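Novice: Mind having a look at this structure? Questions to follow.
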Amino acid sequence: MIRSGTVNMINEMAAQGKSIQQIAITLGLARNTVRKYLRNPSAVIPQPRRKRGSKLDPFKEQVLRWIKEDHCYNCESMLPRLQALGYTGSLSTLKVFVHPLRPPAPGHYPVIRYETQPGEQVQFDWGEFVRREAA
């Protein structure tokens, strides 16, 4: 399927009196494609996609309840519990659902390096480095 803008260009060029072959060459399309959209202008209207349910849909409330009660986001441990309730879906489906619910991972702090030429300096660090967590 081509874009609606291209279909509009096909119709405009046809209204200007250009042949199917000229339109096809100008737009880089096959002659049969140009002919198809000239015969049936409604062919460009995309059909609405059907909403499909997930195998996890009947179990989402249970998963949310477990996360709220246990604060456990481990999908590998949830999967057997769900399967005992009749879930037949995959682990990856469960992971896709749980991932946005996870709290953000703590930030990784960069290592501060101090480099000198070999034999120039020795450093010892017995101090404490206190990390403050972002609030």
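Novice: Is there a residue in segment 98-114 that is closer than 30 Å to LYS55 by Cα, at pLDDT 80 or above and touching a helix residue (DSSP H, G or I) at 6+ places or on another chain (Cβ under 7 Å)?
Specialist: Checking segment 98-114: at least one residue is closer than 30 Å to LYS55 by Cα, at pLDDT 80 or above and touching a helix residue (DSSP H, G or I) at 6+ places or on another chain (Cβ under 7 Å).
Novice: While we're looking at this one, here's another question. Give me the pairs, please: first residue somewhere in segment 31-55 and modelled with pLDDT under 85, second residue anywhere and exposed (fewer than 14 other Cβ atoms within 10 Å of the Cβ) and in a helix (DSSP H, G or I), beta-carbon distance under 6 Å, and either six or more positions apart or on two chains.
Specialist: Hits for this filter: VAL44/SER4.
Novice: Ok, one more. Considering each of PRO58, PRO110, PRO48, PRO80 in turn, give the residue that is closer than 30 Å to ASN11 by Cα and more than 20 Å from the chain's Cα centre (by Cα).
Specialist: One residue alone meets the criteria, PRO48.
Novice: Oh, and also: Please indicate, with yes or no, whether at least one residue in segment 99-119 is of a type in the set (Phe, Trp, Tyr), surrounded by 13 or more Cβ atoms within 10 Å (Cβ to Cβ) and not in a helix (DSSP H, G or I).
Specialist: Taking every residue of segment 99-119 in turn, none turns out to be of a type in the set (Phe, Trp, Tyr), surrounded by 13 or more Cβ atoms within 10 Å (Cβ to Cβ) and not in a helix (DSSP H, G or I).
Novice: Identify the residue in segment 87-98 that is of a type in the set (Gly, Ala, Ser) and more than 16 Å from the chain's Cα centre (by Cα) and, among all such residues, is surrounded by the fewest Cβ atoms within 10 Å (Cβ to Cβ).
Specialist: SER90
Novice: Oh, and also: Filter segment 60-86 down to the residues that are of a type in the set (Phe, Trp, Tyr) and either touching a Lys or Arg at 6+ places or on another chain (Cβ under 7 Å) or modelled with pLDDT of 95 or more (or both) and list them by number.
Specialist: TYR73 - this is the single residue of segment 60-86 that is of a type in the set (Phe, Trp, Tyr) and either touching a Lys or Arg at 6+ places or on another chain (Cβ under 7 Å) or modelled with pLDDT of 95 or more (or both).
The values are calculated or read from the model by the stated rules, or taken from the named source; none is laboratory data. All values derive from a computational prediction rather than experimental measurement. All Cβ positions, even for glycine, are placed from backbone atoms using ideal geometry, and neighbour counts span all protein chains on display.
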